[in-house]
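Notes for the one structure printed next.
All of the numbers you see were taken from the coordinates with simple rules; none came from a lab. What you are looking at is a predicted structure, and each value in this text was computed from that prediction instead of being measured. Here Cβ is always computed from backbone atoms with ideal geometry, including for glycine, and neighbour counts include all displayed protein chains.
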Amino acid sequence: MQTYEIAVYPGDGIGPEVTDEAVRVLETVRAQLGGFALNITHLPWGADYYAENGRVAPPDFLDILRPFDAIFLGALGAPDRIPDHITLEPLVRTRQSFDQYACVRPARLFPGVRSPLAVEGSSEVDLVVVRENSEGEYVYCGGRFKVGEPEEFALQTAVHTRRGIERILRFGFELAMTRRQQLTLITKSNAQRYGFVLWDEILEEVREGYPSVKADKQHVDAATMNFVRWPERFDVVVGSNLFGDILSDLGGIIGGGLGLAPSANLNPEREYPSMFEPVHGSAPDIAGQGIANPVAAILSGAMMLEWLGLNAAADRVRQAVEATLSQRVGTPDLGGQLSTRQMTDRIIQNLEAKGN
């Protein structure tokens, strides 16, 4: 029997709440199907760790994470206790140090879920944002100068490399081959004439290797409008670190809310562990109330199972989530009355029904 070593980093706010429920679902499907084991190690890092140790995670946290098969993250952020750029530093460093350059964020409108748009079902909202996750606008390149003086200024420089752009585009094209064979590059080359013109040029080079995929490009402001106007026209959407981050939140909302939006930070070459997390943040305003939506975390767990090669388990979890949402039940963010645990109970009931 194959055993997988999983690092669970619950984090802050609602992170521990949704992580606990996702782990319950993972353990249920493991017990159902058998043939594999998940050896879970909980890592007590985050705001509480910071209060005791003066840092969010231990200085050797990357060495601690490196041996694991996968990392499962809840959420990070406690703005009333720590500035966000400090809280998020382990997340950004993990993505970059483990070369998790492909951030995959699907957005799908499930049956039984209402979108803020006048659309219904996954025939109209079923897209994947592929975010370049290792460089771009999130590289620490720049600084603050003349701090506190009237002439103070900040320099923040984005880094776009041929290697980084080419490999994320190839990843996007390969993903499009498994879906509806359509790829849209998000750029801003009309204003950012160096970095994003390079993206445009490399798209033209890479697309020649994928003649069956229809590829186009849109400026990020137009794409933001078109996500709302014509979500059905998007399949695989590839963007830089910043553009992918922003558009994946919009994709989550038009798919019914961030409480349903999973994500994966992948190292496609599998030289390092990949990391799986819900798109939503730590939501400190509802932390501890037991009303957070666990679906995004549960679907992130399904993405982790698939990445580990446990496709049957991943499919079963997704089917249970879809069956539950189709019954038009949910947590308050979905207009329902269920608590976090009750929502998971319903998913587990459908999971067990599938197994009978």
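Name the shape class, rounded, prolate or oblate, that the alpha-carbon gyration tensor gives for the range 43-102, where a ≥ b ≥ c are the square roots of its eigenvalues, rounded holds for a/c under 1.5, and otherwise prolate holds if a/b is larger than b/c and oblate otherwise.
On the way: a/c = 2.04, a/b = 1.55, b/c = 1.32.
Cα axes put the range 43-102 in the prolate bin.
With both bridge residues required to lie in the chain, what share of the DSSP beta bridges run antiparallel, to the nearest 5%? Mind showing how you got there, number by number?
On the way: 19 of 47 bridges.
For the chain, the DSSP antiparallel bridge percentage is about 40.
Picking from 33, 101, 115, whose Cα lies most toward the positive end of the charge dipole for the range 2-139 (charges on Cβ: Lys, Arg +1; Asp, Glu -1)?
33
Quick one, what does Rg over Rh come out to for the chain if you take C-alpha atoms and the Kirkwood Rh? Walk me through the numbers before you get to the answer.
Values: Rg = 20.2 Å, Rh = 21.0 Å.
Reported Rg/Rh, Kirkwood definition of Rh: 0.96.
Which residue, chosen from 228, 164, 85, occupies the Cα position most advanced towards the positive end of the dipole of the chain, where the dipole is computed from +1 (Lys, Arg) and -1 (Asp, Glu) charges on Cβ about the Cα centre?
Positive-most Cα among the choices belongs to 228.
Can you list the residues, at least 5 places off or on another chain, whose amide H is less than 5 Å from the amide H of residue 42, using H built in the peptide plane?
Close amide H contacts, sequence-distant or interchain: 8.
Using Cα-Cα distances under 8 Å and only pairs 6 or more residues apart, what relative contact order does the chain have, in percent?
23
Nothing charged except the Cβ atoms of Lys and Arg (+1) and of Asp and Glu (-1): what's the magnitude of the dipole of the range 272-345 about its Cα centre? Round to the nearest 20 debye.
Details: 4 positive and 7 negative charges, 30 e Å.
Roughly 140 debye for the range 272-345.
Can you give the charge dipole size of the chain about its Cα centre, rounded to the nearest 20 debye, using +1 on the beta carbon of Lys and Arg and -1 on the beta carbon of Asp and Glu?
Numbers: 33 positive and 47 negative charges, 156 e Å.
In debye, rounded to 20, the chain gives about 740.
Could you tell me which residue out of 68, 145, 339 lies farthest along the dipole of the chain toward its positive end? Charges go on the beta carbon: Lys and Arg +1, Asp and Glu -1, centred on the Cα centre.
Checked the options; the winner is 339.
In terms of modelled amide H atoms, which long-range or inter-chain residues lie less than 5 Å from the amide H of residue 129?
Close amide H contacts, sequence-distant or interchain: 105, 107, 237.
Quick one: putting +1 on the C-beta of Lys and Arg, -1 on the C-beta of Asp and Glu, what dipole do you get for the range 105-257 around its Cα centre, in Debye to the nearest 20?
That gives a dipole near 280 debye.
If each Cα of the range 105-257 is one equal point scatterer, what is log10 of I(q)/I(0) from the Debye formula at q = 0.09 Å⁻¹?
-0.32
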